[in-house]
Amino acid sequence: MIVTNKVKIIREEKVITQNELARSLDVSRQTIHAIEKGKYNPSLKLSLKMATLFDLSVEEIFNLEGE
């Protein structure tokens with residue numbers, strides 16, 4: 001299964017830079033970049049922190065695509 005996400009879209013809608021998001025989540029900017037590009041799937045803990053920060057559910061940010 002492939003995990004897709006809307007992190008970049010949501011981040012840009014909220015006018016937050018990758019650096020600001022990274023600091024808020026206590027990760028590196030490179031981690032945010034990798035998540036946005038689909039090269040890294042965040043842990044459940046990080047996904048929940050992101051959902052809380054964006055005031056969205058995890059399902060509104062991340063999707064599972066077929067097999």
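The values are calculated or read from the model by the stated rules, or taken from the named source; none is laboratory data. Predicted, not measured: the structure shown is a model, and the values here were computed from it. Positions of Cβ are generated from backbone atoms using ideal geometry, with glycine treated the same way; all protein chains shown enter the neighbour counts. For accessibility, only protein heavy atoms count, side chains too; no ligands or nucleic acids. Shrake-Rupley method; radii C 1.70, N 1.55, O 1.52, S 1.80 Å.
Residue check: is Met50 open to solvent by less than 40 Å² (accessible area, probe 1.4 Å) and of a type in the set (A, V, I, L, M, F, W, C)?
Judged against the criteria, Met50 is a match.
Could you run through the stretch 1-31 and say how many residues are under 21 Å from Glu65 (Cβ atoms) and assigned to a helix (DSSP H, G or I)?
Keep residues of the stretch 1-31 that are under 21 Å from Glu65 (Cβ atoms), which gives 1-11.
Right, trim to assigned to a helix (DSSP H, G or I) and you get 7-11.
Adding up the residues that qualify gives 5.
Please identify the pairs in which a residue from the stretch 1-26 that is within 17 Å of Thr52 (Cβ to Cβ) has its Cβ atom under 7 Å from the Cβ atom of a residue that is of a type in the set (Lys, Arg) and surrounded by 11 or more Cβ atoms within 10 Å (Cβ to Cβ), counting only partners at least 6 apart or on another chain.
Leu21/Arg11; Ala22/Arg29; Leu25/Lys49
So which of Asn63, Asn19, Asn5 is touching a strand residue (DSSP E or B) at 6+ places or on another chain (Cβ under 7 Å) and open to solvent by 50 Å² or more (accessible area, probe 1.4 Å)? Lay out the reasoning, then the answer.
Working: Asn19 fails: touching a strand residue (DSSP E or B) at 6+ places or on another chain (Cβ under 7 Å); Asn5 fails: open to solvent by 50 Å² or more (accessible area, probe 1.4 Å).
After applying the criteria, what remains is Asn63.
If I go through the stretch 34-50 residue by residue, how many of them are outside any loop (DSSP other than H, G, I, E, B) and under 12 Å from Asn5 (Cα atoms)?
The total comes to 5.
Within the stretch 30-47, which residues are open to solvent by less than 90 Å² (accessible area, probe 1.4 Å) and either touching a strand residue (DSSP E or B) at 6+ places or on another chain (Cβ under 6 Å) or modelled with pLDDT of 95 or more (or both)?
Hits for the stretch 30-47 are Thr31, Ile32, His33, Ala34, Ile35, Glu36, Asn41, Pro42, Ser43, Leu46, Ser47.
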